[in-house]
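The values are calculated or read from the model by the stated rules, or taken from the named source; none is laboratory data. Bear in mind the structure is a predicted one, so any value in this text is a computation, not a measurement. Neighbour counts run over all protein chains shown; Cβ positions are idealised from the backbone, glycine included. Remember, those area values only see protein heavy atoms, side chains included, never the ligands or the DNA or RNA. Shrake-Rupley method; radii C 1.70, N 1.55, O 1.52, S 1.80 Å.
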Amino acid sequence: MKRKVCVIAAVFVSSLFLTACGSKEYLKDIKAEKYVTLGTYTGIEATVDRLEVTESAVDSYIYDGYLMPKAEKVPVTGRTVQEGDVANIDFVGYHDDVAFEGGTAEGYDLTIGSGRFIKGFEEGLIGANIGDTRSLDLTFPDPYDNPDLAGEDVVFEVTVNSISESKAPELTDELVKQLGEEGYNTGGAQTAQELKDYVYSIYNQTAQSTYDNEIETAMASAIMENSTFQDPPEKMVDRFITSIENSMSVRASSLGMSLAQYMQFYRNLDEAGYRALFDEEGVRMAKQYIMYQAIADKEGLMPTEEEVAGEISALMTVYGYASEEELKKSVDMESLKEDLMRKKVVAFLKENGNIHENVIAMD
């Protein structure tokens, strides 16, 4: 549950001020001290993981994202199917001795170990010779995108037509230029080293963002446990719930899924379950922002006009707005100010806290 909360909170914070609709209640409309009695908020102890970007992680990303799509298949004879091979197969899936819809294919190229099929399918082909037919007794996972098959026992009859290996090209300056010309996102790299540097920067930014989110979550949780809260205003909670739902819907849409499909697949929650989670998170986020506001009031950490103007300018650049007026049509300015306040308070808490790191090498 803690991990689910962290993920939802991180998604929410990243797009908080990019929602604007209807009548809302903001922090400016209340006195935070009426809703929270702060406990200790300086000297907070927090232990978090810091991901260290390794050369092997960069190489793996380049291999999977840039080299493998350019790989050539080389036929293999004289041996059986191994991990990493591409097996060309025909297969039929049976449920209660009846072939089920979507479970049949001919001439299908399957990379063994890719995890594209249900557990046991790819593993069941290791050791097979060309021309062999294997009967695989398997069970579909539960939940599954086809509810009629979720948790059900099935049998796949699989014939191996051929075996090949994928031979990826070497990473060269010429290949990097070709990738850029073909529309691959190479960050404008012209050499192999520049591409490695670009991938490293992406990983490093992600690692830093994850680290910062983990620190904030740890410190905020500790302070909230030491503080006493009154129920936050209902309209404020509703605003946070709406922002959370909008943010998760955007993430689902980016994967070609509805919100319900996304929450079922990635969180194993039906609509009642994720609605309850959103409600819970809305209350927690409202309390957390009220707590931040109370700290900002005591420590003089409200954003200045210059800081707000700087944030507006940065957003115009990042999202390509032609003017400030255009930006304000889609950006909730009060939420923007609240988020700037949050950033200042979090920076204060970090500066006045005791952060301990567990360095973990990125695979």
Could you look at the chain and say what percent of its accessible area is carbon and sulfur, using a 1.4 Å probe and all protein chains?
47 percent
Computed over the chain, the distribution of all Cα-Cα distances in 20 Å bins, rounded to whole %, is 21, 45, 28, 5
Mind putting a number on the dipole of the stretch 195-293 about its Cα centre? Charges go on the C-beta only, +1 for Lys and Arg and -1 for Asp and Glu, and I need it in Debye to the nearest 20.
240 debye
Checked against the positive end of the charge dipole of the chain (+1 on Cβ of Lys and Arg, -1 on Cβ of Asp and Glu, about the Cα centre), the farthest of PRO232, GLY124, ASN204 is PRO232
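What accessible area per residue, rounded to a whole number of Å², is obtained for the stretch 306-363 using a probe radius of 1.4 Å? Please list the in-between numbers first.
Values: 3250 Å² over 58 residues.
In whole numbers, the stretch 306-363 has 56 Å² accessible per residue.
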Dipole of the chain, positive direction: furthest Cα of THR47, ALA296, THR133, with charges on the beta-carbon:
ALA296
Paramagnetic reach from THR54 (point 7 Å along Cα→Cβ, amide N under 11 Å) across the stretch 340-362:
360-362
The stretch 142-200 - convex hull of alpha carbons, volume per residue in Å³
194 Å³
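Quick one: in the stretch 250-290, what % of C-alpha pairs are over 16 Å apart? Numbers along the way, then the final one.
Working: 362 of 820 pairs.
Of all Cα-Cα distances in the stretch 250-290, 44 percent exceed 16 Å.
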Dipole axis of the chain (+1 Lys, Arg; -1 Asp, Glu on Cβ), positive-most option in GLY188, THR172, VAL76
GLY188
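Can you list the equivalent-ellipsoid semi-axes of the stretch 50-123, largest first and in whole Å, using the square root of 5 times each Cα gyration tensor eigenvalue?
Numbers: eigenvalues 189, 63, 26 Å².
Largest first, the stretch 50-123 gives 31, 18, 11 Å.
If you place +1 on the Cβ of every Lys and Arg, -1 on the Cβ of every Asp and Glu, and leave all else neutral, what size is the dipole of the stretch 79-212 about its Cα centre, to the nearest 20 Debye? Numbers along the way, then the final one.
Numbers: 7 positive and 27 negative charges, 105 e Å.
Computed charge dipole of the stretch 79-212: roughly 500 debye.
Over the Cα atoms of the stretch 222-363, what is the Rg over Rh ratio if Rh follows Kirkwood?
Values: Rg = 18.0 Å, Rh = 17.9 Å.
Expressed as Rg/Rh, it is 1.01.
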Determine the per residue accessible area of the stretch 192-267 with all protein chains present and a 1.4 angstrom probe, expressed in square angstrom.
52 Å²
Test of understanding: what is the full-extension gain from GLU234 to ASN204, defined as 0.36 nm times their sequence separation minus their Cα-Cα distance?
6.9 nm
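Could you give the size of the charge dipole of the chain about its Cα centre, using +1 on the Cβ of each K and R and -1 on the Cβ of each D and E, expressed in debye and rounded to the nearest 20? Don't skip to the end; give the middle numbers.
Values: 32 positive and 65 negative charges, 241 e Å.
So the dipole magnitude of the chain works out to roughly 1160 debye.
Roughly how large, in nm² to one decimal, is the mean projection of the convex hull of the alpha-carbon atoms in the stretch 293-341? Could you put the intermediate results ahead of the total?
Values: hull surface 13.6 nm².
Result: a mean projected hull area of 3.4 nm².
Rounded to the nearest 500 deg cm²/dmol, what is the calculated helix-only ellipticity per residue at 222 nm for the chain, with -39500 (n - 2.57) per DSSP H run of length n ≥ 4?
Details: 10 runs with 164 residues, N = 363.
Roughly -15000 deg cm²/dmol at 222 nm, from the helical runs in the chain.
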Cut-off 17 Å, label 7 Å out along Cα→Cβ of TYR211, residues of the stretch 33-51 by amide N
46-51
With N residues in the stretch 280-363, what two-decimal value do you get for its Cα radius of gyration over 2.2 N^0.38 Å?
1.36
